[in-house]
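To start, the structure itself, in structure tokens.
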Amino acid sequence: MKPYNIYISGVGGQGIIKTSTVIGEAAMKSSMPVVMSEVHGMAQRGGGVSTELKIGNAYSPIIENGSADLLISFEPIEALRAIPKISGKTSVIVNKSPIYPFNLRTSEISYPDITATLDELENKSMKVYAIEADRIAKESGHLLSMNMVMLGGAVAVKGFPLKKKIILDSMKANLPEKSLDINMKAFEHGFDHVKSR
């Protein structure tokens, strides 16, 4: 099968690696070939991080520019950085909650306007789903479940190649039992948010 390419971006500490693992293991449980890149960037809290997955027949996990089917971005600036990976055929899920880089706080440069950021993403992609994922995560029980809000949104996107049940099974296998209920609730809220649009 032609690979379905997923590019995930954000900053260290947002659960990008865990999200990639859940998707990758769900693909394996579905008997679908999958390759995943190593983490790119600075994985410590606050540094830019990205991972790349190809579900289907692929020799390399690196997504060529303009060939991502889905961009999941946990932070608005990191979505802008990922624009070379997307095209008019890409669906984009973006968390509207910014994380202000420490060097901006002491600089005269301001954080990019969120509306302008979303407009730029919409101009370069097929569809943008902007989610207040931090707020939804807090309402689900904990801010750290934000990555599962985003994953739920991704699974609801038309064309996502994995069944929701298999993703939920992979979450159960990969997330701590003590936080599973919160993460499941966060996932469902993210899923419903995108599905309703």
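The values are calculated or read from the model by the stated rules, or taken from the named source; none is laboratory data. These numbers come from a predicted model, not from an experiment. Cβ coordinates were reconstructed from backbone atoms using ideal geometry, including for glycine residues, and neighbour counts include every protein chain displayed. Just so you know, the surface numbers come from the protein's heavy atoms only, side chains and all, with ligands and any DNA or RNA stripped out. Shrake-Rupley method; radii C 1.70, N 1.55, O 1.52, S 1.80 Å.
Computed values, structure above
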{"item": "Additional length obtainable on full extension of the chain from Leu143 to Asn65, 0.36 nm per residue less Cα span", "result": "24.9 nm"}
{"item": "At R0 = 35 Å, FRET efficiency that the Cβ-Cβ distance of Asp169 and Ser110 yields, to 0.05", "result": "0.20"}
{"item": "Computed Rg/Rh of the chain, alpha carbon atoms with Kirkwood Rh", "result": "0.94"}
{"item": "Leading residue at positive end of dipole, the chain (Cβ point charges), from Leu143, Ala82, Ile167", "result": "Ile167"}
{"item": "Spacing of the two label points (7 Å from each Cα toward its C-beta) at Lys127 and Lys2, in nm", "result": "1.7"}
{"item": "Accessible surface, 1.4 Å probe, highest first, among residues Tyr129, Tyr100", "result": "Tyr100, Tyr129"}
{"item": "Inter-centroid distance (Cα atoms) of the range 128-147 relative to the range 171-185, Å", "result": "15"}
{"item": "Additional length obtainable on full extension of the chain from Glu188 to Lys89, 0.36 nm per residue less Cα span", "result": "33.1 nm"}
{"item": "Size-normalised alpha-carbon gyration radius of the range 19-92, reference 2.2 N^0.38 Å", "result": "1.12"}
{"item": "Accessible area per residue in Å² at 1.4 Å probe, computed on the range 42-197", "result": "51"}
{"item": "Compactness relative to 2.2 N^0.38 Å, alpha carbon Rg of the range 100-197", "result": "1.26"}
{"item": "Asn57 versus Ser31: modelled label distance in nm, points set 7 Å from Cα along the beta carbon direction", "result": "1.7"}
